[in-house]
Amino acid sequence: MAPITTSREEFDEIPTVVGIFSAFGLVFTVSLFAWICCQRKSSKSNKTPPYKFVHVLKGVDIYPENLNSKKKFGADDKNEVKNKPTMPKNSLHLDLEKRDLNGNFPKTNLKPGSPSDLENATPKLFLEGEKEAVSPDSLKSSTSLSSEEKQEKLGTLFFSLEYNFEKKAFVVNIKEARGLPAMDEQSMTSDPYIKMTILPEKKHKVKTRVLRKTLDPAFDETFTFYGIPYTQIQELALHFTILSFDRFSRDDVIGEVLIPLSGIELSEGKMLMNREIIKRNVRKSSGRGELLISLCYQSTTNTLTVVVLKARHLPKSDVSGLSDPYVKVNLYHAKKRISKKKTHVKKCTPNAVFNELFVFDIPCEGLEDISVEFLVLDSERGSRNEVIGQLVLGAAAEGTGGEHWKEICDYPRRQIAKWHVLCDG
């Protein structure tokens, strides 16, 4: 047989053909992958959000809403736009789609001489369907303000109340606040947020997020409280505290709103309400209560024994009931704090009994440059504690504080107790 011969040119053509097919296959694969990614991206952008923003707090029975109707969100929004009636000029209307990036509503140009536009904006009762009814209690506006409060406008708070009978849940939606005063004198604006408490038990305490640099914050935050029977709603009250966040010191209190729920009927649906923000009930200096302190200076060991015995006649925590007081003890040497202690919290009492002893080591001879500061605070879960009153004992202190200090210096190793009136913190 004759041998089979293959030319060198045929061997050179095989790698060329394989390379061409490989290139076509790579191009096809990349094109297919890009097409699949585009399809997935477009399908995700068309989906409606799977849930609404809700709050979940530790120790409070607050749960997300039922998500079974999540597919209906888009259809409901379209139907609402089509069936949306024209609103009169003096009616209250919140258009959530016209908010800016900070969540604020655009300001409307109001005439300075026409306050009737705000007074004619009466709250309405919104039902879940197309039914509407007006509650007589919701028509009561905050026109009964005193002359001093009318001069200092602190803004208006808008919110809605609802009771879900299927879930036995009380729902509060904090919508927005308008016309807040500027608490920052440099930027002439505020960083507002709202704390809400259900009275009288004060078990349910929540707060909104902080909105930066705005006087018309739009929060639109919903708080759902489970386990509250409908028969108990009439006995409760809502206390809103409007504050401005301050990074470097205690937050500024703008004002407060108190809403007794007695007489408010929630059986027919959601109720949209608004109330004028009033000035907080500031305690007078003479009404901050008294503190019983016992001191003993041991010159041999150079120690100071401080006993926080009692507090009496402590003021109420504004309109939200009794305070939950405790005492912080700060030791200063040459105006520099060198040690700190604190007592336990006493629940819901204006006359607290502490009987707690603290021993401080004195870094120098004598008590000339030493002073002790007592701060009585109201314990607030989930927020900064409010100072009820302050007391300073030392050589430079005035009144009973200076007298008490002089006695323990003159009579060392003797336990001396005295009542002291608290002053502004």
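Quick notes on this one:
- Solvent-accessible ranking of 14, 259, largest area first, probe 1.4 Å: 14, 259
- Largest-first ordering by accessible area, 1.4 Å probe, given options 188, 196: 188, 196
- Peptide ranges 170-177, 337-344, 245-252, 233-240 listed from the most packed, as the mean C-beta count within 10 angstrom indicates: 170-177, 233-240, 337-344, 245-252
- With all protein chains modelled, accessible area of residue 16 [1.4 Å, Å²]: 80
- Here the simple spin-label model places points 7 Å from the Cα toward Cβ, and for residue 33 and residue 359 these points are separated by 7.3 nm.
- Cβ charges +1 (Lys, Arg) and -1 (Asp, Glu), total dipole of the range 155-284, debye: 440
- For the range 155-284, a/c is not less than 1.5, where a ≥ b ≥ c are the root eigenvalues of the C-alpha gyration tensor, and a/b tops b/c. That puts it in the prolate class.
- Heavy-atom accessible area ranking, 1.4 Å probe, most first, across 161, 309: 309, 161
- Under 5 Å, built H, 5+ apart or other chain: amide partners of residue 167: none
- Between the range 331-353 and the range 362-425, the Cα center-to-center distance that results, in Å: 9
- Stretch gain in nm, segment residue 213-residue 17, where the contour uses 0.36 nm per residue and the Cα spacing is subtracted: 63.8 nm
- Rounded to the nearest Hz, the phi-derived 3J(HN,Hα) couplings of the range 250-255 under the Karplus curve 6.51 cos²θ - 1.76 cosθ + 1.60 (θ = phi - 60°) are 5, 4, 7, 8, 7, x, where x marks glycine and proline.
- When the C-alpha to C-alpha distance is required to be over 28 Å, the pairs from 195/335; 167/195; 213/341 that qualify are 195/335; 213/341.
- Computed label-point distance, nm, for sites residue 166 and residue 395 using a 7 Å Cα→Cβ extension: 7.4
The values are calculated or read from the model by the stated rules, or taken from the named source; none is laboratory data. No experiment lies behind these values; they were computed from the predicted model shown. Here the Cβ is made from the backbone with ideal geometry for all residues, glycine too, and neighbour counts use every protein chain on show. For the accessible areas, the whole protein counts, side chains as well, though only heavy atoms, and no ligand, DNA or RNA atoms are used. Shrake-Rupley method; radii C 1.70, N 1.55, O 1.52, S 1.80 Å.
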